[in-house]
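What follows is a single structure, written as structure tokens, with notes after it.
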Amino acid sequence: MSERPWTAGFDVVSSGAAVPAEQLEAVERELGRMLGRGGPFPLPPALAALLADGVTSCARTVDGAEVEFGWLGTAMPAHYEGYAFDSYMPAAVPIALDGGGGAWCLDTRGAADGTAADHPVVWVHTGTLSWSDGAWRRVASDAATLLTDRTLR
């Protein structure tokens, strides 16, 4: 994997100010608290690198349709709380919005102890947050794949 894998995975990459390590650590602590982990929730390395580099949004064209990723960065805990993920879709950590009412989320159900370095990525519409069949779909095996595989939407 290259140092910045997202540069090959997207047609458009928009950047702003880099997110300092201490802010990412604060996000990990807050997510860990919200998820009831008893410690920080480690962000997947590829996602943490993207945010630390200041990437704010990305887009790729898949089968003629533009697929957007508006990275939440330090706003991940606020979106988790604001959309009541703890009530409707526990263990789903929102990482990006798609610009059309959907959210890209980490599925942390398989790592309740918080030790996994990465998690599957799912997409769900924020109006129907649920782990019920048909309410969500798995889109990538992990964040690094989501960032590099130009066919994913």
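Element breakdown for the range 36-153 at a 1.4 angstrom probe: carbon and sulfur atoms account for 50% of the accessible area. In this rough spin-label picture, where each label sits 7 Å from Cα along the Cβ direction, the Arg138-Gln23 distance is 3.3 nm.
Give me the dipole magnitude in Debye, nearest 20, for the range 5-147 about the Cα centre, with unit charges on the beta carbon: positive for Lys and Arg, negative for Asp and Glu. Numbers along the way, then the final one.
On the way: 7 positive and 17 negative charges, 42 e Å.
Roughly 200 debye, rounded to the nearest 20.
Could you please state, rounded to a whole Å, how far the C-alpha centre of the range 1-63 is from the C-alpha centre of the range 81-145? Cα centroid of the range 1-63 versus Cα centroid of the range 81-145: 15 Å apart.
Probe of 1.4 angstrom, ligands and nucleic acids ignored: what's the accessible area per residue over the chain, in square angstrom? Before the final figure, lay out each step's value.
On the way: 7130 Å² over 153 residues.
With the other protein chains kept in place, the chain gives 47 Å² per residue.
Taking every DSSP helix (H) stretch of at least 4 residues in the chain, weighting each as -39,500 (n - 2.57) and dividing the sum by the residue count yields a mean residue ellipticity at 222 nm of -7000 deg cm²/dmol. Under 1.5 on a/c is rounded, so check that first for the range 48-88, then, if it is not, pick prolate when a/b is larger than b/c and oblate when it is not; a ≥ b ≥ c are the square roots of the alpha carbon gyration tensor eigenvalues. It comes out oblate by the Cα gyration axes.
Scalar couplings 3J(HN,Hα) for the range 133-146, obtained by applying the Karplus form with A = 6.51, B = -1.76, C = 1.60 to θ = phi - 60°, are 4, x, 7, 9, 9, 6, 10, 7, 6, 6, 5, 4, 5, 4 Hz; x denotes Gly and Pro.
If the chain linking His125 and Asp53 were pulled fully straight, counting 0.36 nm for each residue of separation and taking away their Cα-Cα distance, it would gain 23.2 nm. Across the chain the C-alpha pair distances fall into 10 Å bins from zero in the proportions 11, 44, 37, 7, 0 percent.
The values are calculated or read from the model by the stated rules, or taken from the named source; none is laboratory data. All values reported here derive from a predicted model rather than from experimental measurement. Glycine also receives a Cβ, built like all others from the backbone with ideal geometry; neighbour counts cover every protein chain displayed. What goes into the accessible areas is simple: the full protein's heavy atoms, side chains included, and nothing from ligands, DNA or RNA. Shrake-Rupley method; radii C 1.70, N 1.55, O 1.52, S 1.80 Å.
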